[in-house]
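Values in this text are rule-based calculations from the coordinates and carry no lab data. Computed from a predicted structure; not experimentally measured. Ideal geometry is used to build each Cβ from the backbone, glycine not excepted, and the neighbour counts take in all protein chains shown.
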Amino acid sequence: MNIPKDSDFSIHNLPFGVFSTSGTSPRVGVAIGDSIIDLAALVHKGLLDVPVEALEQPFLNNFIALGKSVTNGVRKSLQAMLTDEKAALKNLEAVFIKQADAIMHLPVDVRDYTDFYSSIEHATNVGKMFRDPENALLPNWKHLPVGYHGRASSIIVSGVDIHRPKGQTIPKDAKQPIFQASARVDFELETAFIVGKASQLGDSVSTKEAEDYIFGMVLFNDWSARDIQKWEYVPLGPFLGKSFASSISAWVVPLEALEPFRVAGPTQEPAVLPYLKYEGKKNYDIHLEVGIQPEGGAEHTVSRSNFKYMYWNMVQQLTHHTVNGCNVNVGDMMGSGTISGKTEDSYGSMLEIAWAGTKPVAMPDGSTRVFLKDGDTVIMRGYAEKDGVRVGFGEVRTKVLPAR
Ligand code: CA
């Protein structure tokens, strides 16, 4: 099989998703190059030994719930079949579907979604803008991965458009709020991990065990209406300024595919409490970027960041999440929090890039942006690359339509 060197979907990746074609039901597929491998079709041909009921499903949940021994077994079988020139797969064109001919669906039935706030650069920037430039981080920030419980019903897959949300905002120096379409619609560049194994109510998952519970990762655009958020968030945190939509990429990259890209995280000082200590490299070197494409115009890259900057890693997030005995389920989604780097060109939201509206971004068509305009499409991409091995996420693409 000929896969271009710059393809996100190399043989080292093999991410899982849910697709359909005209007149067929959604089912589990694996991306390879510009194609999709229809796993249920492989089972029906006797080339893969997996319960087909878990594959002929509108979500990955049942497949993921089979456990890593099965899902990794599928990866290994596919890798063997795709590299063996004599393998039966080579002559089985029926199991390959062109991605261009497929419709991608929301891959996971997310029951619970948590969003963290784990980038020290992002938390510092927001703290400087909204609170105290001298003490930007709140006292708890370096002691625990701050998070909140988000809304799962409005999680959408790449390609689904959103409408500008309406809500309460308070004009500068006004005493009373007004009701209007948000004037400050923003993206947040994030990744999210999908839980692959349930824990029991009352149990805690240790940092040693946590990776067993992480199935894989997606790109994640955590949409935010900054004006609604600013008025509503005290004292209980994000609500309608966040819950109108959250976009994820269609392909879930298994944690195992990211193995070659592990890197050490930043030093955590002061030292964390013993339950949050971990061993080994728990960050990943994943390039991330954000483009804005105005209606009818050219895409312009507004940020280049990296997942490796995260102060709190996924293992610590999951451990903290369960330390009180709160159980997690297969298909739960945990957002990283906005991933900003140290430099202005690596900030992960328009709030930071345009510094609360004070530094407009020039677009190729001569217009400027401080937040998003109607008709803007936001495109996020992510990939890891090392020693000729490339593992990518594809993209998450969402257009902002006028309020309705
Ligand atoms: Ca967020």
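Step through the table entries LYS230/LYS277; LYS98/LYS281; LYS230/LYS281; LYS5/LYS359; LYS142/LYS359; LYS359/LYS399, compare each Cα-Cα distance with 32 Å, and write down the pairs that go over it. Long pairs (Cα-Cα over 32 Å): LYS230/LYS277; LYS98/LYS281; LYS230/LYS281; LYS5/LYS359.
In this structure, the amide hydrogen of CYS326, modeled 1.01 Å from its nitrogen in the peptide plane, lies closer than 5 angstrom to those of GLY202, counting only residues at least 5 positions away or on a different chain.
The long axis of helix 68-83 is offset from the longest Cα principal axis of the chain by roughly 60 degrees. Cβ crowding within 10 Å, taken as a proxy for footprinting-reagent exposure, orders MET310, MET81 from fewest neighbours to most as MET81, MET310. Restriction of the chymotrypsin sites (Phe, Trp or Tyr not before Pro) in the range 267-302 to DSSP coil positions whose beta-carbon has at most 14 other beta-carbons within 10 angstrom yields no sites. The phi-based Karplus calculation (6.51 cos²θ - 1.76 cosθ + 1.60; θ = phi - 60°) puts the 3J(HN,Hα) values of the range 238-244 at x, 9, 6, x, 10, 7, 6 Hz, whole numbers, x for Gly and Pro. Just subtract the alpha-carbon distance of SER25 and LEU138 from 0.36 nm times their residue separation and send over the number in nm, one decimal. Answer, rounded to one decimal: 35.8 nm.
Find, among the trypsin sites (Lys or Arg not before Pro) in the range 67-116, those assigned to loop by DSSP (not H, G, I, E, B) with at most 15 other beta-carbon atoms within 10 angstrom. Filter output for the range 67-116: LYS86, ARG111. Taking amide H as placed 1.01 Å from N in the peptide plane, the amide H of GLY150 sits under 5 Å from that of TYR113, THR114, ASP115, each at least 5 places away or on another chain.
Stokes-Einstein diffusion for the chain, with the hydrodynamic radius set to the Kirkwood value over Cα pairs and evaluated at 37 °C in a medium of 0.692 mPa s, equals 150 µm²/s. Cα extents for the range 108-215 along the principal axes, largest to smallest and rounded to whole angstrom: 50, 39, 26. Summarising the amide proton neighbourhood of ILE32: residues at separation of 5 or more, or on other chains, whose placed amide H is nearer than 5 Å comprise ILE37. Sites listed here are trypsin sites (Lys or Arg not before Pro) in the range 175-280 whose DSSP assignment is loop and whose Cβ has at most 14 other Cβ atoms within 10 Å: LYS175, LYS208, LYS277. The phi-based Karplus calculation (6.51 cos²θ - 1.76 cosθ + 1.60; θ = phi - 60°) puts the 3J(HN,Hα) values of the range 359-367 at 10, x, 8, 7, 9, x, 7, x, 7 Hz, whole numbers, x for Gly and Pro.
Could you work out Rg/(2.2 N^0.38 Å) for the range 18-112, with Rg from alpha carbons only? Don't skip to the end; give the middle numbers.
Values: Rg = 13.0 Å, N = 95, 2.2 N^0.38 = 12.4 Å.
This ratio for the range 18-112 stands at 1.05.
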